[in-house]
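Colleague: Input: one structure, supplied below.
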Amino acid sequence: MGTFVLTGGKVVTDSGVLDPGWLAVTDGVISEVGAGEPADAGADVPVIPVSGWLVPGFVDIHCHGGGGAAFWHADQETVATGVRTHRAHGTTTMLASLVSRPVDELAKQTAALAELTQDGLIAGVHLEGPFISSARCGAHDPAVLAPPARADVETLLDAGRGTVRMVTLAPELDGALAAIRQLAEHRVLAAVGHTDATHDQVRAAIEAGATVATHLFNGMRPLHHREPGPIGALIQDERVTVELICDLVHLHPEIVRMMATHAGPQRTVLITDAIAAAGAGDGDYDIGGLAVTVREGVPTLAGADGTAGAIAGSTLTMDRAFRHFVQDVGMGMTEAVAATATQPARLLGLDQRVGALRVGLAADLVVLDDQLQVSRVLHNGSWIQ
C-alpha cells in the first residue's frame, strides 16, 4: 500500500490538538504523527493537503442497522449495507446490535454475525435482550422476553464463538446477578438497560460485574430524589461507562452535558442506537418484528390506532452525534473524540488497534470541515469516500 502524508489540518490526538499537524500512513497503519509541517518525505511519497479537523474513525458499540438494512437479518449483504452506510459517516468500527427474540432464533442470528465478525466486517455482537424488563421494554417485543437462565446465556455465547462483546439485561430479573457473573467469566461486557430496577438492585449488579449503562435514561426507571434508581447508581459508580444517545431527541442537550461532565471522558460513550432507517429516510420499517414508523427522522412504534408509540431506536449517525456533542451540548473536540472513538475502543479492548491517532494503530480517521461535516473517511489506510 505504500506511504502517504496528510498535512495542514488540526489533528486531534489523545494527548491534545496539533494545530496544524500532520500524519503519515504506511501500509494501512499510522507511522508518524507530528505538529507543524512534516519533514521532506521524499519525492516518491504523496503529500495530501487537508483542511479542518482530523479525528479518529468513530467506534459505535450500539447500532442495529442503517441504509435500509437491519442487522437482525444477519446475512452478509444486509450487514455490509448497514456497515457501508455508517462508514460513510465516519464509523470505521462497530458492533452489530440485536434486539430481543426467542433464544433459539437469536442464537442463529448471533452465529451468522459471528462469521461476519471473523471476516472483519463488524467488531462483534451486542445482544440487547431478551433478558430485559417488560415494564421498560420500549421497542422490544414483550412476548419474547425472559429471565436469563444460565443455559440460555450459554447457548448465546456458544453461538457467538467469542464474538459476543456485550449483553444488555435487567438486573432485577431472576438469575440476573448470576448471569452477570457468567458474562464476566467469559469476558463479555454486562450492560444494565431496559430495567425497572431499584438503586440497590443496580448497585448489586455493578458489584457482580456490570460495567456499562445501556443508553442512560432511556428504557429505565427515571431518576427520583427519594429513589435514585438505575440512573443514580450508574452515573455515580466510577466502574461504569455510560452510553448517551446524542440525537437531541432521546436526551435534552443539558442532560447530555450534565452526564458527560459528571462521568468525564473516561466513562462517556456516544452511541447511535441506529435502526435500518439511518441514512435511508422516513418511512415504514420494522425492528425485531415490530412495526416502526419514521417521521422527520424520529422512529416510533406504530400504534394500532395510528398514533405514535415509544421511540424505537434512532436514525442517528456518529458524525451527527459528534457534531451535536460539540455544537449543541458545548463539549470540546478532545472530549468528543474520547466519547466517539477512544473510550468505546478501550471498552471493547480494541484500543491497541483503533480509537486514536497514534503511531502503530490502524489508519482509521475522519476528516471534518470547520462545520464538523464529514469531508473524507479513511479506513485501514484506504479512502472510502
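The values are calculated or read from the model by the stated rules, or taken from the named source; none is laboratory data. Only a predicted model underlies this, so the values are computations on that prediction, with no experimental measurement involved. Counting neighbours? That spans all protein chains shown, and the Cβs are built from the backbone with ideal geometry, glycine included.
Colleague: Looking at Ile245, is it over 17 Å from Arg346 (Cα atoms), under 15 Å from the mean Cα position of the chain (by Cα) and at pLDDT 95 or above? First the steps, then the outcome.
Modeller: Working: over 17 Å from Arg346 (Cα atoms): yes; under 15 Å from the mean Cα position of the chain (by Cα): yes; at pLDDT 95 or above: yes.
Judged against the criteria, Ile245 is a match.
Colleague: Could you list all residues from region 343-374 that are closer than 20 Å to Gly28 by Cβ, touching a residue at least 60 places away in the same chain (Cβ under 8 Å) and not hydrophobic (A, V, I, L, M, F, W, C)?
Modeller: Gly355, Arg358, Gly360, Asp364
Colleague: Another question about this same structure. May I ask you to list the residues in region 321-334 that are under 15 Å from Trp53 (Cα atoms) and buried (at least 20 other Cβ atoms within 10 Å of the Cβ)? Break it down stepwise before answering.
Modeller: At the first step, the residues of region 321-334 found to be under 15 Å from Trp53 (Cα atoms) are 322-323, 326-327, 332-334.
Correct list: Phe322 only.
Colleague: With Leu270, Leu244, Leu234 as the choices, which residue is assigned by TED's automatic domain parsing to the domain that holds Gly67, part of a strand (DSSP E or B), within 26 Å of Glu207 (Cβ to Cβ) and not acidic (Asp, Glu)?
Modeller: Exactly one of Leu270, Leu244, Leu234 is assigned by TED's automatic domain parsing to the domain that holds Gly67, part of a strand (DSSP E or B), within 26 Å of Glu207 (Cβ to Cβ) and not acidic (Asp, Glu), namely Leu244.
Colleague: Considering only residues that are β-branched (Val, Ile, Thr), farther than 13 Å from Met318 by Cβ and either in a loop (DSSP other than H, G, I, E, B) or touching a Phe, Trp or Tyr at 6+ places or on another chain (Cβ under 9 Å) (or both), which ones fall in region 333-355?
Modeller: Once the filter is applied, which keeps residues that are β-branched (Val, Ile, Thr), farther than 13 Å from Met318 by Cβ and either in a loop (DSSP other than H, G, I, E, B) or touching a Phe, Trp or Tyr at 6+ places or on another chain (Cβ under 9 Å) (or both), region 333-355 yields only Val354.
Colleague: Identify all residues within region 316-326 that are among the β-branched types (Val, Ile, Thr) and in a helix (DSSP H, G or I); write none if there are none.
Modeller: Hit for region 316-326 is Val326, nothing else.
Colleague: Right, next: Would you confirm whether any residue within region 356-373 is in a strand (DSSP E or B) and either in contact with an Asp or Glu (Cβ under 6 Å, 6 or more places away or on another chain) or on the phi > 0 side of the Ramachandran plot (or both)?
Modeller: Checking region 356-373: not a single residue is in a strand (DSSP E or B) and either in contact with an Asp or Glu (Cβ under 6 Å, 6 or more places away or on another chain) or on the phi > 0 side of the Ramachandran plot (or both).
Colleague: Also, I was wondering about something else. Hey, among the residues in region 335-353 that are surrounded by fewer than 24 Cβ atoms within 10 Å (Cβ to Cβ) and of a type outside the set (D, E, K, R), which one's farthest from Arg267 (Cα to Cα)?
Modeller: Gln352
Colleague: So, in region 21-47, of the ones that are modelled with pLDDT under 95 and closer than 17 Å to Arg376 by Cβ, which residue ends up surrounded by the most Cβ atoms within 10 Å (Cβ to Cβ)?
Modeller: If we take residues in region 21-47 being modelled with pLDDT under 95 and closer than 17 Å to Arg376 by Cβ, then Val47 is surrounded by the most Cβ atoms within 10 Å (Cβ to Cβ).
Colleague: If I filter region 302-315 for residues that are among the hydroxyl-bearing types (Ser, Thr, Tyr), crowded, with 19+ Cβ neighbours inside 10 Å and either not assigned by TED's automatic domain parsing to the domain that holds Val212 or not in a helix (DSSP H, G or I) (or both), do I get at least one hit? Walk me through how you get there before you give the answer.
Modeller: Step one: of region 302-315, the residues among the hydroxyl-bearing types (Ser, Thr, Tyr) are 307, 314-315.
Next, from what is left, pick out any that are crowded, with 19+ Cβ neighbours inside 10 Å: 314-315.
Among the residues that remain, those that are also either not assigned by TED's automatic domain parsing to the domain that holds Val212 or not in a helix (DSSP H, G or I) (or both) are: 314-315.
Yes: region 302-315 contains one or more residues that are among the hydroxyl-bearing types (Ser, Thr, Tyr), crowded, with 19+ Cβ neighbours inside 10 Å and either not assigned by TED's automatic domain parsing to the domain that holds Val212 or not in a helix (DSSP H, G or I) (or both).
Colleague: When only residues in region 246-267 that are over 22 Å from Gly138 (Cβ atoms) and not small (Gly, Ala, Ser) count, which is surrounded by the most Cβ atoms within 10 Å (Cβ to Cβ)?
Modeller: Arg267
Colleague: Ok, one more. Select the strands (runs of 3 or more DSSP E) contained entirely in region 121-211, then report the ones holding at least 1 residues which are in contact (Cβ under 8 Å) with a residue 40 or more places away in the chain and of a type in the set (D, E, K, R).
Modeller: 125-128, 164-169
Colleague: Mind checking which residues of region 138-167 are buried (at least 21 other Cβ atoms within 10 Å of the Cβ) and among the β-branched types (Val, Ile, Thr)?
Modeller: Val153, Thr163, Val164, Val167
Colleague: Counting only residues that are buried (at least 16 other Cβ atoms within 10 Å of the Cβ) and either touching a Cys at 6+ places or on another chain (Cβ under 9 Å) or not hydroxyl-bearing (Ser, Thr, Tyr) (or both), how many does region 268-285 have? Spell out the reasoning first.
Modeller: Start the filter on region 268-285 by keeping residues that are buried (at least 16 other Cβ atoms within 10 Å of the Cβ), which leaves 268-280, 285.
From what is left, the residues that are either touching a Cys at 6+ places or on another chain (Cβ under 9 Å) or not hydroxyl-bearing (Ser, Thr, Tyr) (or both) are 269-280.
Here the count works out to 12.
Colleague: Just the residues that are part of a loop (DSSP other than H, G, I, E, B), among the charged types (D, E, K, R) and within 30 Å of Ala139 (Cα to Cα), please, taken from region 37-84.
Modeller: Correct list: Asp75 only.
Colleague: Moving to a separate point now. Assess whether Thr317 counts as being of a type in the set (Ser, Thr, Tyr) and over 18 Å from the mean Cα position of the chain (by Cα).
Modeller: So Thr317 fails the test.
Colleague: Please pick out the residue among Arg346, Arg320 that is touching an Asp or Glu at 6+ places or on another chain (Cβ under 9 Å) and among the basic types (Lys, Arg).
Modeller: None of the others qualify; the one that does is Arg320.
Colleague: Considering each of Val292, Val256 in turn, give the residue that is in the same structural domain as Val83 (by TED's automatic domain parsing) and in a strand (DSSP E or B).
Modeller: Val292
Colleague: Then there is this: Within region 320-328, does at least one residue satisfy the condition of being under 19 Å from the mean Cα position of the chain (by Cα), assigned by TED's automatic domain parsing to the domain that holds Thr241 and of a type in the set (Lys, Arg)?
Modeller: yes
Colleague: Right, another one. Is it the case, given these coordinates, that Val359 is β-branched (Val, Ile, Thr), buried (at least 16 other Cβ atoms within 10 Å of the Cβ) and at pLDDT 95 or above?
Modeller: No; evaluated as a whole, the condition is false for this residue.
Colleague: Could you tell me which of the residues Val242, Val212, Val202 is farther than 27 Å from Asp328 by Cβ, surrounded by 19 or more Cβ atoms within 10 Å (Cβ to Cβ) and of a type in the set (Val, Ile, Thr)?
Modeller: Numbers: Val242 fails: farther than 27 Å from Asp328 by Cβ; Val212 fails: farther than 27 Å from Asp328 by Cβ.
Unique residue meeting the criteria: Val202.
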